[in-house]
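Please treat every number below as a calculation from the coordinates, not as lab data. The shown structure was predicted, so the numbers you read here are calculated from the model rather than taken from an experiment. Positions of Cβ are generated from backbone atoms using ideal geometry, with glycine treated the same way; all protein chains shown enter the neighbour counts.
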Amino acid sequence: MKNILSVLFILFAVLFNAQNLEKISKEINEEGIALYRSEMASWYGTDLFIANYGKKENIGGYFSYVDDVPKCIFFSKDQKVIGTISFPTNYDPKNANLDLKERGFTPIEAEYFTIRQNALKRIQNDTIFKVYKNTSLNIVPLIKNKVKKVYVLTGPSVNNVVVFGNDYLITFDNKDQVKNVEKLHNSLIVQNINDEKVGKTISGVHTHILENWLAMTPTDICTLMLYHKFTDWESYFTTSKKYTSIWNANNNLVIMKTEDFEKMNK
């Protein structure tokens, strides 16, 4: 009887662990896709706005969000909306709607603006944030189920590289003040798309060591999706002492214990 109970306990533990990892994978992947949708609006929205707006000295900044469609909002230095770029779900710039009419923020836009500006102030005054040569920091606010976050990603200003790491998560209290700032990776990770020794790369891997971020991060997912049209990577891995995460180009994410992954590859 004791042996049967022991076996049942082990089976239950394995099943529970698998379900828990599947839940974690789903949450990370969904957050990464949300970041990607926001960043895609920012990428194409910036190009369209700059090409069509004449008063560059009037620009105060921008942010993107998704309601019924993805939108990129440019605002002036006196905090008025001066550009609204709305995209179809495929982000085709030819089908985007550009509205340069000046207006006030909608209530939800005011919330995005507030956490974006509070995050910017923190970035400018907190030494945890680093800026490396040939890169810039991108501020990506997210609001979901009344939970407000800002992710800060590092983007390259040169070609032929994909940059992971040097990214941060900023969370807020119920008054939209910064509550916590944490790093998602321990360092900046630069991977070539075309390598001098091996030619065009087909995949990649990097290691996670920060205790709170041992699985693939939402920012990793976002970066992989953003640059897939340049890399054509069919898969990507992150590994840590606890988890090995595997992403594929169909936007599927699998997370498993590293010890189980190592057993599979023996």
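Worth pointing out:
- Among 118, 180, 248, the residue with the largest mean-square fluctuation in a Gaussian network model of the chain, with springs joining Cα atoms closer than 10 Å, is 180.
- Computed over neighbours whose Cβ is under 11 Å from that of residue 249, the net charge equals -1, Lys and Arg +1, Asp and Glu -1.
- Residue-count net charge about residue 217 - beta-carbon cut-off 10 Å; Lys, Arg +1, Asp, Glu -1: -3
- Distance from the range 151-174 to the range 69-133 (C-alpha centre basis), Å: 16 Å
- Positive-end ranking of 61, 76, 212 along the dipole of the chain, with charges on Cβ about the Cα centre, is headed by 212.
- The chain: calculated mean residue ellipticity at 222 nm from DSSP helix runs of at least 4, using -39500 (n - 2.57): -12000 deg cm²/dmol
- Checking the cross-link pairs 26/80; 71/183; 23/148; 23/101; 121/242 against a 32 Å limit on the alpha carbon distance flags 26/80; 23/101; 121/242 as lying beyond it.
- Scattering profile of the chain at q = 0.08, 0.11, 0.13, 0.14 Å⁻¹ [log10 I(q)/I(0), Debye over alpha-carbon scatterers]: -0.38, -0.68, -0.92, -1.04
- Local electrostatic count at residue 76 - Lys and Arg +1, Asp and Glu -1, tallied over other residues with Cβ under 13 Å: +3
- Put a plus charge on the Cβ of each Lys and Arg, a minus charge on the Cβ of each Asp and Glu, and nothing anywhere else: the dipole of the chain about its Cα centre is then about 400 debye.
- Choice from 67, 99, 47 with maximal GNM fluctuation in the chain (Cα, 10 Å cutoff): 67
- Couplings 3J(HN,Hα) for the range 53-63, derived from phi with the Karplus relation 6.51 cos²θ - 1.76 cosθ + 1.60 (θ = phi - 60°), are 9, x, 9, 4, 5, 8, 6, x, x, 8, 7 Hz, where x marks Gly and Pro.
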